[in-house]
Each structure stands twice: as structure tokens, then as C-alpha cells.
Amino acid sequence: MAATASRVLELLSLLQTHRQWPGPELAERLEITERTLRRDVERLRELGYRIDAVRGSAGGYRLEAGAHLPPLLLTEEEAVTVAVGLRSAVAQGLVDGEQTTLSALAKFEQLLPPALRARTDALAAALHTSPSGGVPVGAELIGALALACRDQERIRFRYRSADGTESQRSVEPHALVSQGRSWFLVAWDRDREGWRTFRIDRVADVFGTRVRFQPREVPGGDAVGYVRSSIRSLRAPLRVDVVLQVPLPEMRSRMGGWDAGMVADGDDRCVWPLTGETVAHVVSALAWIPGDVGYELRADGHLLAEIARAARRPATAARAAEEAQGLADGASV
């Protein structure tokens, strides 16, 4: 009986990690026959777990949401992660997040063994979060998108852009990213045939198609980095290429961490792409170039004129201060 109970719990753990398991693969993982697997599935159904079985080559077993919440099987590491996550989730911009999260946390920590509770307390004490301050999003929406990412399931939804335009999207979801004050979905847009980031507070009417897809590699291999890059491109409409009269290796060693995007332009020059929200941002970045390095700028004529105008102001102020200081020194002789 103990062996059967242990095996059924292991089956439940496997069903909770994937949305759908082929029967032969499950039986192989549990080292049992498919007939025994069917009996174990029936045992879980009697305990209140809703498990759908689909016949055929593309079928398998799928753990579905039921009418009530059955027990959830967690490892020790998962239990600690959930507890710490609940503590930090209060500040992460979910609708009614503080009230519902604290209620769930109280119920969850009541069941933690003393050793796991000590680990949770230690991790939580070292973890500091700040309120997001952004537009709150529903936990149900976050959960639906997270499941689609995990199960590699195509979804459709209605999306509202920044200017208020609404459109229907069909995507292959990759990851959810909490960045700054907002949540983002990183996904491959099937209609536009390209990677996109979607503000989750602008997503509505999510529909799961149950159609699986082969995952693609997100640009750069990092969803967080891709979201940050997308945000920068939206917030930094101004761009100027700085052609530096120094070989790339030397310039990189002199610029340190400020050499992002720098590329060689022949053997004795390199190009440094600069972006900024304003002309002032671009001019301030140019100040990081060492004084003995010659450079020229490539940009449209209007932007170059604005940069020249902005750069003249501190130069004019410095000359005026220098002349005033010279007059003061002369008067004191």
C-alpha cells in the first residue's frame, strides 16, 4: 500500500509539471505498465483531481482545473520558493495583490515544518522589493499566460496599443517579465512574423488554442534583456553614430563599461552608436569620450544642428566665466 501511495504521489507530481503527458512516457518514467498507470489515474480522480485522457498518437494525460482546489504536492525547495515568492509578491502590481497574497501566505506558512520556515524567514529577510507603482494586472491573467508559456501553447488575445488602437493577436508565448513598473509578455507574433513585447495590462480575452509549437530562441537568448532593449528603443528615439579616430580594442579598454554597441570601422577607427531621449542626453554622453580622441558625428542634419546648439551653451558659459575670472585677477593686481 505504501509503494502504491508513493507511486501515485509521484504521478501527481509529474502531471503538475507538464500540461500533457503521453501515456507510454508516463509509464516509463514510473517504471510501471500502462494498465497500472490507468488504475493510478483513477485513484487520483477519486481524490478530486480532474485528469483528462485523450486517445491517439497526439493524446495523453492532462491535469485540468477542477471545481475545487485539491491538495498540491510540492518539494521542499518548491515550498520555500512559493513562500518567499508570496512575501515579495505584495509589491509586484497584482490586482488586490496585498490582501490576497497575505491571506495565502498565512495559510501556507502555517503548514511549513520549522526547518523550512526558518529557511523562508532567512531568505525573506535578505530580499528587498519596492512597490511597482504601475498599472495593476489580474493574477488570473498572469496565471493563464504563464501556463501558456510553460506548455508552449499558441494563444490569441485582444491587445490595446499605447495610442488606444485595438487588434487581435495570435502568438507563441515565450516568457513573462516584470520590468520597472510593468509586466510584459515576450512572444513570437505569428501574423507579423517577429518577436514582440506586450504590456500585460493591455492584454484581454486570452484564448488558449491547445496547439503546441516548437520554441524559438528569443533574440540575445535572454527575455529580460530583450524587454529592456525594447523599452530603450521606445524611449530613445534619437540616435547618432560617433566615429572615433582610435582602433576598437584601444577604445574599448579606455571606455570601460561605456562601450556598448561599439564596432570596428577599419583598422584605425571604430563607431560608437549613441541613443538618447533628448539632445541633452546625447551631449552628456559625448562628454565621456577622452579629450585626446578625435571624433566626428553621423546623424541627420537637424539632429546635428541641435547637438551643436546644445554643446555651445556650456562652452559659452565657461568662456564667460573664464573672462570674468581674468578681469577679477587683473583688478586685484
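Being assigned to a loop (DSSP other than H, G, I, E, B), open to solvent by less than 60 Å² (accessible area, probe 1.4 Å) and at pLDDT below 85: is that true of GLY261 here?
Details: assigned to a loop (DSSP other than H, G, I, E, B): yes; open to solvent by less than 60 Å² (accessible area, probe 1.4 Å): yes; at pLDDT below 85: yes.
Answer is yes for this residue.
Does GLY291 satisfy being more than 33 Å from the chain's Cα centre (by Cα), free of Cβ contacts under 8 Å to residues at least 12 places away in the same chain and within 23 Å of ALA311 (Cα to Cα)?
Numbers: more than 33 Å from the chain's Cα centre (by Cα): yes; free of Cβ contacts under 8 Å to residues at least 12 places away in the same chain: yes; within 23 Å of ALA311 (Cα to Cα): yes.
In short, yes.
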Read through the list (1) modelled with pLDDT under 90; (2) under 13 Å from the mean Cα position of the chain (by Cα), then give the number of the only condition that GLU193 fails.
(2)
Just the residues that are part of a strand (DSSP E or B) and either among the basic types (Lys, Arg) or buried (at least 16 other Cβ atoms within 10 Å of the Cβ) (or both), please, taken from the stretch 146-166.
GLU153, ARG154, ILE155, ARG156, PHE157, ARG158, TYR159, ARG160
Between LEU274, LEU244, which is in contact with a helix residue (DSSP H, G or I) (Cβ under 6 Å, 6 or more places away or on another chain) and under 26 Å from GLN179 (Cβ atoms)?
LEU274
Of the conditions (1) surrounded by fewer than 15 Cβ atoms within 10 Å (Cβ to Cβ); (2) assigned to a helix (DSSP H, G or I); (3) modelled with pLDDT under 65, THR101 fails just one. Which one is it?
(1)
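Let's see how each residue does on (1) among the hydrophobic types (A, V, I, L, M, F, W, C); (2) in a helix (DSSP H, G or I); (3) in contact (Cβ under 8 Å) with a residue 12 or more places away in the chain:
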residue: GLN168; (1), (2), (3): no, no, yes
residue: TRP183; (1), (2), (3): yes, no, yes
residue: PHE198; (1), (2), (3): yes, no, yes
residue: THR209; (1), (2), (3): no, no, yes
residue: ILE231; (1), (2), (3): yes, yes, yes
residue: VAL240; (1), (2), (3): yes, no, yes
residue: MET251; (1), (2), (3): yes, yes, yes
residue: GLY256; (1), (2), (3): no, yes, no
Residue that is open to solvent by less than 30 Å² (accessible area, probe 1.4 Å) and at pLDDT below 85, where the choices are GLY180, GLY138:
GLY138
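Could you grab me the full set of residues in the stretch 9-35 that are outside any helix (DSSP H, G or I) and open to solvent by 90 Å² or more (accessible area, probe 1.4 Å)?
Step one: list which residues in the stretch 9-35 are outside any helix (DSSP H, G or I), which gives 18-22, 31-33.
Result: HIS18, GLU31.
Applying the selection to the stretch 264-290, what residues are assigned to a strand (DSSP E or B) and of a type in the set (A, V, I, L, M, F, W, C)?
Of everything in the stretch 264-290, those that are assigned to a strand (DSSP E or B) and of a type in the set (A, V, I, L, M, F, W, C) turn out to be ALA264, CYS270, VAL271, TRP272, LEU274.
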What is the residue count in the stretch 185-194 for residues that are open to solvent by less than 40 Å² (accessible area, probe 1.4 Å), of a type outside the set (D, E, K, R) and either in contact (Cβ under 8 Å) with a residue 12 or more places away in the chain or touching an Asp or Glu at 6+ places or on another chain (Cβ under 9 Å) (or both)?
3
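ARG38: among the charged types (D, E, K, R) and either open to solvent by 50 Å² or more (accessible area, probe 1.4 Å) or at pLDDT 85 or above (or both), yes or no? If you could, list the steps in order and put the result at the bottom.
Details: among the charged types (D, E, K, R): yes; either open to solvent by 50 Å² or more (accessible area, probe 1.4 Å) or at pLDDT 85 or above (or both): yes.
Criteria met by ARG38.
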How many residues, within the stretch 293-327, are among the charged types (D, E, K, R) and in contact with a helix residue (DSSP H, G or I) (Cβ under 7 Å, 6 or more places away or on another chain)?
1
If you go through VAL206, VAL218, VAL227, the only one that is at pLDDT 90 or above and closer than 27 Å to ASP151 by Cβ is VAL206
Members of the stretch 264-287 that are open to solvent by less than 50 Å² (accessible area, probe 1.4 Å) and either without any contact (Cβ under 8 Å) to a residue 40 or more places away in the chain or farther than 25 Å from HIS302 by Cα (or both)
ASP265, CYS270, VAL271, TRP272, PRO273, LEU274, VAL283, ALA285
Which condition does VAL293 not pass, out of (1) touching a strand residue (DSSP E or B) at 6+ places or on another chain (Cβ under 8 Å); (2) at pLDDT below 85; (3) part of a loop (DSSP other than H, G, I, E, B), if it passes all the others?
(2)
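The values are calculated or read from the model by the stated rules, or taken from the named source; none is laboratory data. Please read all numbers here as calculations on a predicted model, not as lab measurements. Cβ coordinates were reconstructed from backbone atoms using ideal geometry, including for glycine residues, and neighbour counts include every protein chain displayed. For accessibility, only protein heavy atoms count, side chains too; no ligands or nucleic acids. Shrake-Rupley method; radii C 1.70, N 1.55, O 1.52, S 1.80 Å.
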